[in-house]
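Have a look at the structure that comes next, please.
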Amino acid sequence: MNSLESFLSEVPVFQKVDQNTLTEIANRSSEKSFQAQEIICYQGDNWPFLFLVKSGHINAIKESPEGRSFITTSLYNGDIFWGLSFFIQDNIMPVMLRAYKDSTIYLWSREKLVPILRSNGELAWKLSQTMIARMQLAGDIVDELAFLPVTGRLSALLLETFEDSEDEFVARELTLDDMASHIGTTREVVCRHLHRFAEKGVIEITRTKIRIKNRDQLKTQSSL
């Protein structure tokens, strides 16, 4: 078993695939690397591929005609994603895919992988479950945007981003634009709310670092 086959065998979608099929799937893949901020595909492209993240961080970004953007999904090591035209020919991408950090993916075209899916019911079933889970996540995001105010969305983002920090300063990897894209607002609104949190003693913030001072208050805000 080569390194890619070993990696595939640890991904839930491929765990029950027999060795011969696993080898065939590995042989039909191509490995591609992208630098931080490099575009993988654009919103509106006909992109008939499925990919597995080997390493890095990739964002799926929805852009509005007015130029605003919203990060619908963030993908990390072991995550699977696909273009709509992988399953339905000529359907265009509803999002742009961009590497947030240097990233490497394993990529399969529709022509190379769909025949294997059609002949392997267990693999197709597992991929269907992954698609449903992604749809459920999208539904949760829509509910959050519709019913949770910006204060709550920003609180939830801070808790998720800095969950491992214990009352200590942590480097701010997310810019104001990144935060705005994650919660569906503008950088000006994010900046205003961060300063309000700081004034209330919930966080302490500098140009490059942030410290969570009152995690309980953020949890309260994130559930309102």
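Readers should treat all values here as calculations from the given coordinates under stated rules, not as data from a laboratory. On a predicted model such as this, the values are computed, not experimentally measured, just so you know. Quick reminder, even Gly has a Cβ in these numbers, built from the backbone with ideal geometry, and neighbours come from all protein chains shown.
So for segment 149-222, averaging the separation of alpha carbon pairs under 8 Å that are six or more residues apart and normalising by length, what relative contact order in percent results?
This gives 43 percent for segment 149-222.
I've got another one for you. If I take R0 = 25 Å and measure r between the Cβ atoms of Thr23 and Asn77 in this structure, what FRET efficiency does the formula 1/(1 + (r/R0)^6) give, to the nearest 0.05?
After rounding, the FRET efficiency stands at 0.70.
Please enumerate, by chain and number, the lysines with C-alpha under 23 Å from the C-alpha of Lys126, excluding those fewer than 8 residues away in the same chain.
Candidates past the 8-residue exclusion: Lys16, Lys54, Lys112.
Calculate I(q)/I(0) for the chain by the Debye formula, one identical point scatterer on each C-alpha and no solvent, and give its log10 at q = 0.08, 0.11 Å⁻¹ to two decimals.
Those come out to -0.35, -0.64, one per q.
Sticking with this structure for a sec: What 222 nm value per residue comes from the helices of the chain, counting each DSSP H run with n ≥ 4 as -39,500 (n - 2.57) and dividing by all residues, nearest 500 deg cm²/dmol?
Calculated from helices alone, the mean residue ellipticity at 222 nm is -13000 deg cm²/dmol.
What distance in nm lies between label points placed 7 Å from Cα along the C-beta direction at Phe87 and Ala133?
1.5
Based on alpha-carbon centroids, what's the gap between segment 93-140 and segment 146-203 in Å, whole number please?
30
Obtain the nm distance between the two label points defined at Arg68 and Glu122 by a simple spin-label model: each point lies 7 Å from its Cα along the Cα-to-C-beta direction.
4.7
Also, I was wondering about something else. Residues with beta-carbon under 15 Å from that of Gly121, excluding Gly121: net charge, scoring Lys, Arg +1 and Asp, Glu -1?
Numbers: positive: Lys16, Arg118, Lys126; negative: Asp18, Glu122.
After counting each charged neighbour, the total is +1.
Under a point spin-label approximation (7 Å from Cα along Cα-to-Cβ), what is the Glu31-Arg207 distance to one decimal in nm?
4.0
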